[in-house]
Structure formats: structure tokens, C-alpha cells
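A short reminder: the numbers here are calculations on the coordinates, not readings from a lab. All of these numbers come straight from a predicted model, not from anything done at the bench. Neighbour counts run over all protein chains shown; Cβ positions are idealised from the backbone, glycine included.
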Amino acid sequence: MTAFTVENLIRHLERLQARGPIPFDVKSGEVFGILCPCGQDRRTLLAILMTMIFPVSGFAERSPLAILGNLGDMRRNMGIVLEKPVLDPALTGRENLDLHARLHGLGDEVRRRRIPEVMGFVGLAGSADAAVETYSPVMVQHLEIARANLTHPEVLFLAEPTKGLDDPGRREIWGLLRRLNRERRVTIVFTTHDLDEAEAISTRVAVMDGREVVALDTPDTLRAVMALDTPLEFDDTP
């Protein structure tokens, strides 16, 4: 089953002039990595997928996403983790989740069940009443993922999910995302400039170069076909 299809995805911004269509499909239940060297291109593509900005006219009519006509349903079915945390460091982990659950319109009974549930899943049950400013960077990312899963989304979008973390922290987040996908069947879509990260957790990877998708396959197949004996050195340009 296909979760969604991106068809003729073209967005004209000052710093992004797409040369042509960016076609790919994301299958329900998979972990889909978008490997792209340019930070602006990654952010623009993810913003379109998350319905934060709109592509050129006609896209919605040709795509099962139906962004312009079904925006509310799309947003209710997605969770979002951005590059920078959207948490209040002065609040506790529990208070942050309660605030965001209220913003999503979750009722008292749902919040009472859901907050301990997601905090337990990400391993933060023992830190629920500590201020987020006392959390380590990897704990903050755990809480961000918990926040994004408060509504039990069908699709989770992440931008650079392990940016700024050390190697143990990165592997911890990779393990959490794999478990989230495996145990809860959440479709995961993430952008990265790190080939190691794409290989670590992706079911399939779309490789973007020059604002076009130049390859799309499993990590193992892409490495074999492209003879990538060593990781690509992508610069994380702004």
C-alpha cells in the first residue's frame, strides 16, 4: 500500500529552482530516507511534504496527497520533528507534552493516557517531571519524538533526526525510530545529508542531486550499483 506519492513536485523559491519533476512514492509502513547534500533543498522538500508551503498550482489535483483540498486530514495524520526543538525548556517533559496535546485538541482523558504512554515508549518515564532544560541533547530528541507521536500519526516526518548528537546518541535515536516503525507501523520519512544515517534505518533511499532525484532504491542496492565503497562526503550547506 502506498502512503503517498510525490508527483511533479516543483517549488520556485529564491534559492531553489527545481529543474523538473521529483517523482517518488512512500509505501505504508516503510522508513523512507531522502539523502540530499543541500540544506535548503532538504528543508524545502520536507516543508512541502509537511504542507508548510505549497508547490506550484496543479500539484494537488494530480497527487493523491490532495494537499490543497484535504489539508486538515493530512495534518491530523502526520507527526513532525523539525531540526530545532519546539519544546519549552522551562517546562517539564510532561508539561510540554500536555501543552502540545491541548494544541492538538486532545481531551482530558486522552491526554491522561497518551502522555505516559509516549514517554514510556521513548524511555523518559523517569524524567517526566524534570525540566527540559536539564535534559541531555539525546533526551530532548526523545521527547520531540514523543511529542510528534501524541496523536498516533500514520506518517512521521523528521528533518535531520540526529543532527548535533554524538555517535552513541545517534545510534540511540536510530534504534528508537526502527522500533517505532516496527512495533507501531508508523511510516517514517526523514531528510539527511549523512549516508551512514540513511543506510542505518532506511527501507529505501531517494538520492537528490541538483534538486532532482537521481536514484531511488534500498541502501544495499544503491551502494552496490553506485560502487560506494566509502561514505559520500556531503557538505551540510545552509
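What to note about this one:
- Prolate is the label for the range 85-153, because a/c, from the alpha-carbon gyration tensor with a ≥ b ≥ c as root eigenvalues, is 1.5 or above and a/b exceeds b/c.
- Once both labels are positioned 7 Å from their Cα atoms along Cα-to-Cβ, the gap between ARG76 and ASP220 label points is 4.0 nm.
- At R0 = 30 Å, FRET efficiency that the Cβ-Cβ distance of HIS152 and LYS84 yields, to 0.05: 0.80
- In this simple spin-label model, placing a label point 7 Å from the Cα along the Cα-to-Cβ direction at both GLU133 and LEU103 gives a separation of 1.9 nm.
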